[in-house]
Amino acid sequence: MSDRQRADRVYEQLLERAGERWVQPRKERVARILTLLDDPQRTYRVVHITGTNGKTSTARMIESLLRAHGLRTGLFTSPHLERFTERIMIDGEPIADAAIADAWDEIEPFIGIVDAELEAADDAPLTFFELLTVLAFVAASDAPVDVLVLEVGMGGEWDSTNNADGDVAVFAPIDIDHADRLGDTIAEIAQVKAGIIKDGASVVSAEQPEEAEAVLRRVAAERGARISFAGADFGLADQRLAVGGQLLTVRGLAGQYVDEYLPLYGAHQGHNASLAIAAVESLIGDATQPIAGDILSDALQNVTSPGRLQLLGIAPTVVVDAAHNPHGARSLAQALSDSFDFDEWGLVLGVLADKDAAGIVDVLLPAVAEVFATAPDSARANDADAIADLVEERGRRASVHPTLAEAADAAREWAASSDRRAVIIAGSVVLAGEAIALSEEEDWKSGWSA
């Protein structure tokens, strides 16, 4: 069996488990199998990141900054866009098929033991995400890495990733999402997310709503953790458009960084960069040592954030952005006007059924001229007709397309009729992954042809 086949078999076995939407406050189940594996998550330093939006982009920036310092890095993010090995990165690359298969071979003998204990306690077996987290911890230890940048799956306090002790806890902006699991108010959600703050850790946070900030400050004080907030303690001082991205001036916790190039679009990515810089300053030098200019420049210039305002096509321009909740949609709508020079945008929109499709439509509709409703290739997808109905309830028209390929064709044809038009594909991480694969298959960067 080839390494690729071994890795694919691991994914097949994970998919036999309860899916990522099956969430129960039970991090102790993962703690049990980690104990049997001699706690691999204790063998490296950890930067732990939570929030509602911007987690993955910020995590990728932190990882790039750490790697530029000469450290060996691991990065665990979710979900993936095209292949599950993207979720576990070692030194900036998706984990090798052989490495993920070998890590599975290490943990597999213990899965049955823990599953049997759970069954005896009338509890459900280990889930997809719980076992994926264990895989990430083991693979990072086997590499071995110096630092693991670890993105929370959901919430924080009881998430399986919280079996690692973060030296630095990072909070991206907190908003309402997963209300059925995390709480109906921002304060309740912030309380769950604050669970990643460990005794004596460093904490850095984006600017937050007042009720979220109050929770984070209280929990940090209770745990003897030093906390710093964007705006008050560090932040984005200046931001200017540049070819292919933007120039940033950042006031860090330990230094000032002027006119640094970031090859990503969107004002929110500038704020993510300032948060990443503060996190790395906190880990290296305890927020007293500025990041050397050449290290910072190299790291930022090499940052990528797939599926986040990613350019997929030219003539016409096609951009993809996950934007799977209203908060992400607000950042996207702002970026469409701030970071690009087009008169009209065509929106290809596909949303999963458990997401706030109405909220996403409310935010994005004023920013676009035409809507092409579709559905992600997922059993959890919202029907394309339902998306079109939401648009039409707001006095606008939407064409309906059963597949992304059909929607993208229609949108690209519409946009190709004027050099002042462009296409944005948004609404779901699943849809974003489909769009990336489709753009490569059809070579959208070679331009439109009927």
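The values are calculated or read from the model by the stated rules, or taken from the named source; none is laboratory data. Note that this is a predicted model, so its numbers are computed, not measured. Here Cβ is always computed from backbone atoms with ideal geometry, including for glycine, and neighbour counts include all displayed protein chains. The protein model used for the area step is the full one, side chains on, heavy atoms only, and it has no ligands, DNA or RNA in it. Shrake-Rupley method; radii C 1.70, N 1.55, O 1.52, S 1.80 Å.
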Peptides 284-292, 168-176 ordered by average Cβ neighbours within 10 Å, highest first: 168-176, 284-292
Two-site label geometry, residue 397 and residue 449: point separation in nm, points 7 Å out along Cα→Cβ: 3.1
Residues residue 369 and residue 405, FRET efficiency given R0 of 22 Å [Cβ-Cβ distance, rounded to 0.05]: 0.50
Positive dipole terminus of region 353-433, leading residue within 364, 386, 398 (C-beta point charges): 364
Region 221-308, relative contact order in percent, only Cα pairs under 8 angstrom and at least six apart counted: 25
Rg/Rg_ref, region 1-152, where Rg_ref = 2.2 N^0.38 Å and atoms are Cα: 1.01
Fraction of accessible area attributable to carbon and sulfur, the chain (%, probe 1.4 Å): 47
About the Cα centre, charge dipole magnitude for region 383-450 (Lys/Arg +1, Asp/Glu -1 at Cβ), debye: 440
DSSP beta bridges in the chain [antiparallel fraction, %, rounded to 5]: 35
Phi to ³J(HN,Hα) by Karplus 6.51 cos²θ - 1.76 cosθ + 1.60 over region 255-271, Hz, x for Gly, Pro: x, 10, 10, 10, 6, 8, 8, 10, x, 10, 8, x, 4, 4, 5, x, 5
The chain - Rg and Dmax from Cα coordinates, angstrom: 21.6, 65
Accessible solvent surface per residue of region 1-139, calculated while the other protein chains remain in place, 1.4 angstrom probe, Å²: 40
Check: the chain dipole with +1 on Lys, Arg Cβ and -1 on Asp, Glu Cβ, in debye: 860
Virtual spin-label span in nm between residue 31 and residue 118, 7 Å along Cα→Cβ: 1.6
Computed FRET value (nearest 0.05) for residue 188 with residue 386, which takes r as the C-beta separation and R₀ as 22 Å: 0.15
Computed [θ] at 222 nm, helices only, for the chain once each DSSP H run of length n ≥ 4 contributes -39500 (n - 2.57): -13000 deg cm²/dmol
Backbone HN-Hα couplings from phi across region 366-371 [Karplus 6.51/-1.76/1.60, Hz, Gly and Pro as x]: x, 8, 10, 9, 9, 10
Options 113, 261, 147, ranked by Cα towards positive dipole end of the chain, top entry (Cβ charges): 261
Mean accessible surface per residue for region 208-365, computed with a 1.4 Å probe while every protein chain stays in place, in Å²: 37
Residue 313 long-range amide H proximity, modeled H, under 5 Å: 318
Nearest-0.05 FRET efficiency for residue 199 and residue 9, computed from C-beta distance (R0 60 Å): 0.90
Whole-number Å³ per residue for the convex hull built on Cα positions in region 121-169: 96
